[in-house]
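Since the structure comes first, as structure tokens, the remarks are kept for the end.
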Amino acid sequence: MSSLPPTDRPRDALYALFFASYIPVVLFFDSLPLYPAGLAPKALLSVHEWYQGHFNDQLVITQPPWFRLFTLLEPLYQLPVAAWGIHALRTHSPRAPAHLLLWSALCFGTTITCLFEFYHNEKMSAQEKGTLITMYGSYAVIFGTMMVDMFCRIQKILVAAARTGQDKKAH
């Protein structure tokens, strides 16, 4: 159902590019704690160790149970939907707004939870908090923007359908 090329739908093109950059982050960084022991490539483990030492990300370091759940959701749900989302946005799938609304709402919720935790964490300096809030916050802005955009798209479709239904009843 591709009515317009992705270049004529700039938000969709940006979302698809975001997904393309998001997928490797999930596969090679965020999901690293889930790799079976001994199967994680040493280079990835080195990057992960550097990240922990450099940024003092207490969520990655301490892995509280709720954060482990968020980490598990990434490869099980967020990654497949992001991969599907690239195709869905390129082909202008009518299913995209509903799926991506759910996806972005989940991602936004998990990310702002992490931001809240950083803000209140006493084991991190103000500079470390600021750096991590900026890093995670940029994702929250993207997820939040997509969430509002997809909600508005669904609203537009529902309003148009309601008008069509009313027009049919009037005739």
Let me confirm something: among 100, 158, 89, 76, which residue is under 19 Å from residue 19 (Cβ atoms), hydrophobic (A, V, I, L, M, F, W, C) and out of contact with any helix residue (DSSP H, G or I) (no Cβ under 9 Å at 6 or more places or on another chain)? 76
Only one of these is at pLDDT below 95 and of a type outside the set (A, V, I, L, M): 57, 8, 30. Name it. 8
Which condition breaks for residue 21 when tested against (1) in a helix (DSSP H, G or I); (2) more than 13 Å from the chain's Cα centre (by Cα); (3) loosely packed, with under 13 Cβ neighbours inside 10 Å? (2)
Would segment 24-31 turn up any residue that is out of contact with any helix residue (DSSP H, G or I) (no Cβ under 6 Å at 6 or more places or on another chain), of a type in the set (S, T, N, Q), surrounded by 14 or more Cβ atoms within 10 Å (Cβ to Cβ) and not in a helix (DSSP H, G or I)? no
It is to be established whether one or more residues within segment 40-55 are touching a residue at least 60 places away in the same chain (Cβ under 8 Å), closer than 25 Å to residue 123 by Cα and not aromatic (Phe, Trp, Tyr). no
Where residues in segment 37-80 are under 13 Å from residue 110 (Cα atoms) and of a type in the set (A, V, I, L, M), which of them is nearest to the chain's Cα centre (by Cα)? 73
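Is it the case that some residue within segment 28-36 is over 20 Å from residue 146 (Cβ atoms), within 15 Å of the chain's Cα centre (by Cα) and of a type outside the set (Ser, Thr, Tyr)? Step through it out loud before you land on a result.
Step one: list which residues in segment 28-36 are over 20 Å from residue 146 (Cβ atoms), which gives 28-29, 31-36.
When the remaining residues are screened for being within 15 Å of the chain's Cα centre (by Cα), the result is 29, 31.
Filter once more, so that each one left must be of a type outside the set (Ser, Thr, Tyr): 29.
Yes, segment 28-36 contains at least one residue that is over 20 Å from residue 146 (Cβ atoms), within 15 Å of the chain's Cα centre (by Cα) and of a type outside the set (Ser, Thr, Tyr).
Being under 24 Å from residue 75 (Cβ atoms) and of a type in the set (Asp, Glu) narrows it down to one residue among 117, 128, 122; which is it?
Working: 128 fails: under 24 Å from residue 75 (Cβ atoms); 122 fails: under 24 Å from residue 75 (Cβ atoms).
Just one listed residue meets the conditions, 117.
The values are calculated or read from the model by the stated rules, or taken from the named source; none is laboratory data. Keep in mind the model is a prediction, meaning the values are calculated, not measured. Don't worry about glycine lacking a Cβ; one is built from the backbone with ideal geometry, like all the others, and counts go over all protein chains shown.
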